[in-house]
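Please read the structure below before turning to the comments.
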Amino acid sequence: MGRGEMGDGGEAFEEARGKEREWEEAAEAVAYDSCTWPPPVVVVCGPGNCGKSAFSRLLLNTLLERYQTVAYLDTDVGQPEFTPPGFVSLHVIEEPAKDFTMLYLRSPKRCFFFGDVCAHKNPKLLLSCTFGLYDYFLKELYRFNEVDNPLKSAIPLVINTSGWVKGIGLHVLSEILRYVSPTDVVQLRTTIERKNLPTGAFWLNVHEGDSPVNLVEIHGSHNPPPHLLAKKEARMIRDLRLIAYFRQCLPKDFPIFSRDDLVKGFASIQPFQLPLSKIQVIDLHYQFIWLCLCIGFW
């Protein structure tokens, strides 16, 4: 019995190690492809809870070894990597994430407040935010006419997407891929085929023919959690990110172990006080009516 358990454990370890090597090889292939110039623009996609964020971190670290600076565009409003939930953000990363199990908060280079943790609540707004940040990246961070200026030279970009890949979600992802025209697309696939994205360059129309994009398909993370458990974990991670974000407003030595502690901390902060005599009130509505009467609108 003991030998059987050891054998099963050994096989599971070897399988997990094999997937880890597969991820490392995929990240190195993207980062060190000698033909990749200008620097790569990589989209990481796949169904929910398959390890997209974890692979994106690995890819970030691998790209940093070569380029020293990497841009990261996070379109996953439910579980963003470096911001509180509800944001679409663009980051410029110069230091690798040493511990993949820790939550990191970083100040974005530019971001938009989406206002929800579910992308399907407003797909048009999500696309608008994503396109706006990508345009900003092209204008400010993907320039080739100033190669002597390291602050304005081209840097690679990693785009992390959400796990919403069915129905309208597939259309949204396809729109992002068509707009960005990435050099590389890394697709994570699970053992449950119906949850996966279509294979190949699924976002291209038939008449567009073959695309020069480098398509990489890898296995998703080992043993993804059940649906309900994944939802619970997602809520917990969102709470932790919110706590970590607002924690910055409090003294470093203030103990916080729960949301209640955070609320008590904010309640203990002395509010900013301003004498009423210093407040000037302007009735804009009255001024607007007066202006309309003067110019004859009414």
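Of the residues making up segment 222-250, just one is surrounded by 14 or more Cβ atoms within 10 Å (Cβ to Cβ), at pLDDT 75 or above and not in a helix (DSSP H, G or I), namely LEU250. Does ASP116 meet the test of being among the charged types (D, E, K, R) and in a loop (DSSP other than H, G, I, E, B)? For ASP116, the condition - among the charged types (D, E, K, R) and in a loop (DSSP other than H, G, I, E, B) - is met. Note on segment 204-221: residues that are under 16 Å from LYS52 (Cα atoms) and modelled with pLDDT under 80 total 1. When segment 167-193 is filtered for residues that are farther than 18 Å from LEU138 by Cα and in a loop (DSSP other than H, G, I, E, B), the ones remaining, listed by number, are GLY167, THR190, THR191, ILE192.
Residue count for segment 68-117 under the criterion of being surrounded by 15 or more Cβ atoms within 10 Å (Cβ to Cβ), at pLDDT below 95 and of a type in the set (Gly, Ala, Ser): the result is 3. When restricted to residues that are at pLDDT 75 or above and not in a loop (DSSP other than H, G, I, E, B), segment 251-295 contains 11. For residues that are surrounded by 12 or more Cβ atoms within 10 Å (Cβ to Cβ) and more than 30 Å from ALA71 (Cα to Cα), scanning just segment 1-45, find the one that is modelled with the lowest pLDDT. Among those that are surrounded by 12 or more Cβ atoms within 10 Å (Cβ to Cβ) and more than 30 Å from ALA71 (Cα to Cα), it is ALA12. Which ones in segment 192-207 are loosely packed, with under 12 Cβ neighbours inside 10 Å and of a type in the set (S, T, N, Q)? Residues satisfying the conditions are THR199, ASN205.
The values are calculated or read from the model by the stated rules, or taken from the named source; none is laboratory data. Because the structure is a prediction, the values reported are computed rather than measured. In this analysis, Cβ positions are derived from the backbone assuming ideal geometry, glycine residues included, and neighbour counts consider all displayed protein chains.
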